[in-house]
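Here the structure is laid out as structure tokens; the discussion comes afterwards.
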Amino acid sequence: MTSSKSGTRAKAAKTPTKASAEAPAKTPGAAKASKTAKATKSTKPAKAAKAAKVPEAVKVPKGESHLALVRRARRINRELAEVYPYAHPELDFRNPFELLVATVLSAQTTDLRVNQTTPALFAAYPTPEDMAAAVPEEMEELIRPTGFFRAKTKSLLGLSAALRDDFGGEVPGRLEDLVKLPGVGRKTANVVLGNAFGVPGITVDTHFGRLVRRWKWTDEEDPVKVEAVVADIFPKSEWTMLSHRVIFHGRRICHSRKPACGACPIAPLCPSYGEGETDPEKARKLLKYEMGGYPGQRLSPPPDFPGKPAPALGAA
């Protein structure tokens, strides 16, 4: 990602995992090394050892100005863009209707479980008209793996009927129309707008909310207020991709209960560094999905995804 070798070394030095690997090992015989060897020794290992110092949590001034906050937040976003250049929506979909349905189903479950469930659902009900006419009990069985299947069935039947009756069977491309649909709130509407229509939106899910609070961008708990604060920090052009990057980071490295601080590429920028595992080796074992060498959440990931596709429902 860095354009030169010197840039790569600098990047590695910032990361606790890579930097510690660069630090020279101390051996019992080091004290007996000859003066000639010391005279010819490069100064680079010494610099690497200095850079390998475990980072401390960034101290955010109590009265941090808005300008300082904006600069700090935007730097984190730039770093995340280098770590996750392939960040994307982790729900499988082929059109706005499928994305809308999948996002409604994703409440209180994983995107992986949704992706494993929707192939059969969309095969049975490919259009809003088909879904609106579905027998509730039959739909419940199809989406049972996602949990809360009765409430979700009610929402899907309602939004499908609304799309059929009020929008000509098409998903609307305006937030004010989307939030009127049963089971659709601002989060779901922003997911659909940003990824199906190219309209910038900030997706404040549980991962996004807790990470922006860990980074001291805001202490707000209400998703709508969090969205407003973050929208004031970043230009609209960044909103959708920022959401993907932050959510990717929350799922893969900055976990809720035990973040992998020692394997985090933005550790030197994090005011909450040290809340999780700081030992590089132990931290690497906490990495999830492609960062840990495991399959991702999508059965049909985009071409540039560096990990493995997720297995189908029931696959070994």
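Pairs exceeding a 30 Å alpha-carbon distance, out of LYS180/LYS308; LYS152/LYS288; LYS152/LYS282; LYS59/LYS258; LYS187/LYS282; LYS62/LYS282: LYS180/LYS308; LYS152/LYS282; LYS187/LYS282; LYS62/LYS282. Given R0 = 30 Å, the distance between the Cβ atoms of THR206 and GLU170 translates into a calculated FRET efficiency of 0.50. Each residue, THR109 and ALA312, gets one label point 7 Å from its Cα in the Cβ direction; the gap between the two is 1.8 nm. Across segment 175-247, Cα pairs under 8 Å and at least six residues apart give a relative contact order of 30 percent. Phi angles of segment 179-184 translate, via the Karplus equation with coefficients 6.51, -1.76, 1.60 and θ = phi - 60°, into HN-Hα couplings of 5, 7, 6, x, x, 10 Hz per residue; Gly and Pro are given as x. Rounded if a/c is under 1.5, else prolate if a/b beats b/c, else oblate: with a ≥ b ≥ c from the C-alpha gyration tensor eigenvalues square-rooted, which is segment 134-262? It is oblate, given that a/c is not under 1.5 and a/b is not larger than b/c.
Between GLU138 and HIS66, the simple spin-label model (points 7 angstrom out along Cα→Cβ) gives 5.6 nm.
Couplings for segment 289-302, taken from phi via the Karplus curve 6.51 cos²θ - 1.76 cosθ + 1.60 with θ = phi - 60°, read 6, 5, 5, x, x, 10, x, x, 9, 9, 6, 10, x, x Hz in order; Gly and Pro are left as x.
Sequence-ordered 3J(HN,Hα) estimates for segment 255-265 from the Karplus curve with 6.51, -1.76 and 1.60 and θ = phi - 60° stand at 5, 5, 8, 9, x, 8, 4, x, 10, 8, x Hz, glycine and proline given as x. Of the GluC sites (Glu not before Pro) found in segment 208-316, those in coil by DSSP whose Cβ has at most 15 other Cβ atoms within 10 Å are GLU221, GLU275. Taken along the Cα-to-beta-carbon direction at a fixed 7 Å, the label points for ARG94 and ALA228 span 4.1 nm. Excluding ligands, DNA and RNA, the accessible surface per residue across segment 192-253 is 38 Å² with a 1.4 Å probe.
One chain, two ends: LYS285 and ARG213. Fully extended at 0.36 nm per residue, the span grows by 23.4 nm beyond their Cα-Cα distance. If R0 equals 45 Å, the separation of the Cβ atoms of LYS236 and GLU275 corresponds to a calculated FRET efficiency of about 0.90.
Only protein atoms count toward the accessible area here, which uses a 1.4 Å probe; on segment 74-161, the carbon and sulfur part of that area reaches 54 percent.
The values are calculated or read from the model by the stated rules, or taken from the named source; none is laboratory data. All values derive from a computational prediction rather than experimental measurement. No Cβ is skipped: glycine too gets one built from the backbone with ideal geometry, and neighbour counts run over all protein chains shown. Areas reflect the complete protein model, heavy atoms only, side chains present, ligands, DNA and RNA absent. Shrake-Rupley method; radii C 1.70, N 1.55, O 1.52, S 1.80 Å.
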